[in-house]
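Heads up, the thing below is written out as structure tokens.
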Amino acid sequence: MLIGATVSLTGCNESVTPAAHAATTEVPTEVLKDFVMNDMRNGVKNMTLKAVEGRIYESKHIADVDKPLLFFYKEGKESSRLIAPQGRLQMETHEIECWGGVTVISSDSSTLTTERLRYDPKLQKIFSNDPVHLDKPDSVTDGIGLETDPELKTVKIGRQKVHLKKGMSS
């Protein structure tokens, strides 16, 4: 399987105070405004990460990102979006962990909320060990722990409680 990735690092270098990168004590190699990274699988876009700012730590192969916005794609079309206050990208694998109140919204308006989650682009799965809330057009599910595709179609939630929505009108 051919795996390709493109990283578009646009922006300007800046000096950063230690308080601005509390997630690590190392000074970033680069600080980029309007950070963008694309993940490609077999020549097809799988995910795009956009962030207000990205702090790259080359020795650790990570980038800490502020206000990450992820666009997930299936068969070339956007299938869902993820928004979060903070995130950390593994530069070599493109795995990303987001935290601080994360929301995923699928194309059918299903909405997943949790405090922290991780996306594995190789498996094309989202994982969380935290409490999760999934609001779908026909039901609401709460539980602890999650494994799902980015489209929120094939969802496994631990210790789940499902409530069917009543009085749905066409």
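The values are calculated or read from the model by the stated rules, or taken from the named source; none is laboratory data. It should be emphasised that the depicted structure is a prediction, and the values quoted were computed from it without experimental measurement. Note that we place each Cβ from the backbone using ideal geometry, even for glycine, and neighbour counts take in every protein chain shown. These accessible areas exclude ligands, DNA and RNA; they are computed on the full protein's heavy atoms, side chains included. Shrake-Rupley method; radii C 1.70, N 1.55, O 1.52, S 1.80 Å.
Couple of notes before you dig in:
- Carbon plus sulfur fraction of accessible area for the range 113-164, probe 1.4 Å, in percent: 51 percent
- Compared with the direct C-alpha span, the chain from LYS45 to LYS165 gains 39.7 nm at full extension, assuming 0.36 nm per residue.
- Cα gyration tensor category, rounded, prolate or oblate, for the range 123-170 with a/c compared to 1.5: oblate
- Ordering PHE71, PRO131, GLY87 by the projection of their Cα atoms onto the charge dipole of the range 58-170, which places +1 on the Cβ of Lys and Arg and -1 on the Cβ of Asp and Glu, puts PRO131 at the extreme positive end.
- Taking 0.36 nm per residue of separation and subtracting the current Cα-Cα distance, fully stretching the chain between ILE83 and LYS156 would add 24.2 nm.
- Whether the range 52-170 is rounded, prolate or oblate, judged on the alpha carbon gyration tensor where a/c under 1.5 counts as rounded: prolate
- At a probe radius of 1.4 angstrom, the accessible area of the range 21-170 per residue rounds to 51 square angstrom.
- A simple spin-label model places the labels of GLU147 and SER59 3.6 nm from each other, with each point 7 Å out along Cα-to-Cβ.
- Computed label-point distance, nm, for sites GLU75 and GLN90 using a 7 Å Cα→Cβ extension: 3.0 nm
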